[in-house]
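A quick write-up on the structure given underneath.
The values are calculated or read from the model by the stated rules, or taken from the named source; none is laboratory data. Just so it is clear, the model here is predicted, and its values are computed rather than measured. Quick reminder, even Gly has a Cβ in these numbers, built from the backbone with ideal geometry, and neighbours come from all protein chains shown. In case anyone asks, the SASA skips ligands and DNA or RNA and just uses the protein heavy atoms, side chains included. Shrake-Rupley method; radii C 1.70, N 1.55, O 1.52, S 1.80 Å.
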Amino acid sequence: MKNFTYYRPTTTEQAVSLLEGRWGNTELLAGGTDLLALQKNYIAQPGRVVSLTGIAGLQTIVVGQQNVQIGAGVTLARIADHPDLRRLFPALTSAAGDIGGPQIRNMGTLGGNLCQRNRCWYFRDEHSPCLLRGGNRCSAIEGENKYHAIFTANHRCVIASPSTLATGLIALGATAEVLGPQNRRRTIQLANFFNAPTGPNDREHNLAPNEIVTGVTIPVRGLNNAAYEVRQKQSSDWPIVQVAVAFAGGRNGEKATGVKIVLSHVAPTPIIADGANRAVENRAITDAIAVAAGQAAVAGAKPLSQNGYKVRLVEVAVKRALTIAAGLPRYWEV
Amino acid sequence: MNEQETPNTEPSRREFVIAAGTAAASTSVLGLAVLDAPAAEVQGGAAVRAVGPGGVQVAFTVNGQKVQVTVEPRVTLLDALRNYLDVTGCKRVCDRGTCGACTVMIDGKVIYACTMLAVEAQGKQIRTAESLIANEQLDRVPAAFVNADAQQCGFCTPGFVVAMKAVFEGNANPTPAQVEKGLQGNICRCGTYEQMRDAIYALCNQKRGK
């Protein structure tokens with residue numbers, strides 16, 4: 001990898017003061033599980049690396065009556081194993097526990113999971129044309145695209161959103177706390193956090209190059225929630241399709257309200273499946289309703305040449321995520 | 001094959017690497033000078049020291065022994081251990097945080113040494129497979145591997161035994177399934193998983209049911 005100057009600030013303000021107004025020359029380092037691989041492949045070639053691991057304020061989990069705050073530097077293992085988080089937000093903790101293996105979960109962080117770069121093999125191969133690296137075309141649209149987006153309308157770059165924590169966080173109505181220069185703080189709904197990138201000056205999120213995520217706030221509303229992943233490998237990989245759901249009620253024949261069904265790894269950003277939400281809203285969750293929600297979720301899908309199979313996987317994942325959150329038997333587990 | 005039995009008047013590859021590392025260290029005065037220079041990045045609040053891009057001194061503990069090494073910021077913990085400190089139990093295989101051959105424990109938790117910068121290990125307690133033998137007595141985890149013949153080429157084994165040891169240190173009575181979960185981040189391309197399962201069941205004092 002290209003050599004760089006390394007900084008290890010101890011406060012978030014110091015970290016922000018080290019950032020620049022453009023992408024590329026200065027990169028943030030937390031667990032390093034994404035950045036170091038990108039550097040070794042010469043996809044990221046920063047001249048400066050700002051480590052966030054010396055900032056104690058990013059490491060806290062605060063469980064309150066109204067909301068839960070998780071610092072951006074909290075590791076995936078701590079999220080997966082936290083008893084209160086497991087009780088309140090299984091959509092988040094089950095996803096955290098399914099990431100990588102123990103080593104990745106001990107290293108990777110919440111902030112890094114939300115801000116990780118996409119997994120497109122053309123993006124990660126320095127020799128392939130790629131819009132996000134300044135190329136004039138997307139290699140995936142005509143190339144090997146079995147793991148790419150199936151919701152492709154109006155997208156010139158067809159990456160699949162990589163974060164598995166975002167999905168549950170969006171369903172739960174979480175917000176990201178962001179710090180910029182001059183101590184400027186803002187709060188972004190996780191639902192508005194992500195961006196479909198089209199060029200080298202874009203990232204997969206909406207942060208400015210000189211902003212950092214300091215943490216995530218999840219409201220405590222007693223929602224039933226769950227996430228379900230369809231995987232090719234049980235560990236050390238990203239899912240092919242992931243669905244998270246959250247709703248009030250919806251158990252023991254009670255109607256589900258405030259239904260949020262979120263899909264990931266099927267479009268350049270996580271997407272809220274409005275049609276599926278409507279299929280479930282104000283209804284008791286039955287097998288038939290869960291199937292209808294799955295069918296509604298894939299309306300508008302435009303798969304690529306090799307990934308039509310993902311449409312069916314989304315239908316099934318929606319059905320299973322609803323089944324788990326409704327407390328119904330997991331019929332697929334023998 | 002034992003390197004030490006070979007009469008050797010030429011510098012061995014390893015000695016050469018150590019010598020080269022020392023040479024790099026002596027040229028790193030330039031890098032260290034950067035450390036002492038006033039930090040340029042002073043905007044609102046205390047200055048943050050610029051480290052590198054030349055060599056910087058990092059100190060941590062490896063298998064109970066305090067060590068210091070001078071490395072560029074881009075050097076991974078794995079390369080610092082293997083190429084600068086001659087701690088070669090941890091292996092470099094995928095070098096992308098996937099295969100687990102470089103697994104070490106930091107402050108009791110397993111991590112991929114290939115995916116952590118050496119500068120990030122400043123002050124940490126690192127344990128490698130070398131810590132699993134004392135007075136020629138194998139720890140019970142690698143001993144179970146030996147008894148179950150749970151290796152073929154053996155290249156992944158140091159990573160596997162460290163990952164498995166971490167499970168038993170975190171949980172005195174894990175189930176075989178819990179031990180296997182602790183090995184999710186390691187790959188054996190020879191496919192010795194069945195023998196490893198035998199080792200796991202032996203360590204959990206359980207009979208493997210068929």
Q. Residues in the stretch B:118-132: is at least one farther than 29 Å from residue B:57 by Cα, in a loop (DSSP other than H, G, I, E, B) and not aromatic (Phe, Trp, Tyr)?
A. no
Q) Of (1) open to solvent by 10 Å² or more (accessible area, probe 1.4 Å); (2) assigned to a helix (DSSP H, G or I); (3) without any contact (Cβ under 8 Å) to a residue 40 or more places away in the chain, residue A:36 satisfies all except one. Which? A) (1)
**Q.** the stretch A:256-268, residues that are farther than 18 Å from residue A:92 by Cβ and outside any strand (DSSP E or B)
**A.** A:266, A:267, A:268
Q. Is one or more of the residues making up the stretch A:143-153 away from chain B (no Cβ under 14 Å), buried (at least 24 other Cβ atoms within 10 Å of the Cβ), outside any loop (DSSP other than H, G, I, E, B) and touching a Leu at 6+ places or on another chain (Cβ under 7 Å)?
A. no
(Q) Which of the numbered conditions does residue A:194 fail, given that it passes all the others? Conditions: (1) out of contact with any Pro (no Cβ under 8 Å at 6 or more places or on another chain); (2) among the hydrophobic types (A, V, I, L, M, F, W, C); (3) open to solvent by 30 Å² or more (accessible area, probe 1.4 Å). (A) (1)
**Q.** Unique match (being in contact (Cβ under 8 Å) with a residue 60 or more places away in the chain, more than 14 Å from the chain's Cα centre (by Cα) and under 30 Å from residue B:74 (Cβ atoms)) among B:154, B:185
**A.** B:185
Q. Of the residues that make up the stretch B:101-117, is at least one at the interface with another protein chain (Cβ under 10 Å from one of its Cβ atoms), farther than 19 Å from residue A:109 by Cα and either open to solvent by less than 10 Å² (accessible area, probe 1.4 Å) or touching a helix residue (DSSP H, G or I) at 6+ places or on another chain (Cβ under 8 Å) (or both)?
A. yes
(Q) Among the numbered criteria (1) under 26 Å from residue A:192 (Cα atoms); (2) outside any helix (DSSP H, G or I), which one does residue A:128 miss? (A) (1)
Q) Which helices (runs of 4 or more DSSP H) sit wholly inside the stretch B:133-210 and have at least 1 residues that are within 14 Å of chain A (Cβ to nearest Cβ) and either open to solvent by less than 20 Å² (accessible area, probe 1.4 Å) or more than 17 Å from residue A:102 (Cβ to Cβ) (or both)? A) B:157-170, B:176-182
Q: State whether one or more residues within the stretch A:201-210 are within 14 Å of chain B (Cβ to nearest Cβ), open to solvent by 40 Å² or more (accessible area, probe 1.4 Å), under 25 Å from residue A:89 (Cα atoms) and part of a loop (DSSP other than H, G, I, E, B).
A: no
Q: Of all residues in the stretch B:171-188, count the ones that are among the basic types (Lys, Arg) and touching a Cys at 6+ places or on another chain (Cβ under 7 Å).
A: 0
**Q.** Count - residues of the stretch A:17-33 that are more than 11 Å from every other protein chain (Cβ to nearest Cβ) and not in a loop (DSSP other than H, G, I, E, B)
**A.** 2
Q) Taking residue A:227, is it open to solvent by 10 Å² or more (accessible area, probe 1.4 Å), hydrophobic (A, V, I, L, M, F, W, C), part of a loop (DSSP other than H, G, I, E, B) and out of contact with any Phe, Trp or Tyr (no Cβ under 8 Å at 6 or more places or on another chain)? A) no
(Q) Only one of A:156, A:137 is of a type outside the set (Gly, Ala, Ser), at pLDDT below 95 and part of a loop (DSSP other than H, G, I, E, B). Can you tell me which? (A) A:137
Q: Among the residues of the stretch A:4-33, count how many are closer than 29 Å to residue B:98 by Cα, of a type in the set (Val, Ile, Thr) and open to solvent by 20 Å² or more (accessible area, probe 1.4 Å).
A: 2
Q.
I'd like the residue in the stretch A:94-105 that is touching a strand residue (DSSP E or B) at 6+ places or on another chain (Cβ under 7 Å) and buried (at least 24 other Cβ atoms within 10 Å of the Cβ) and, out of all such residues, is farthest from the other protein chains (Cβ to nearest Cβ).
A. A:95
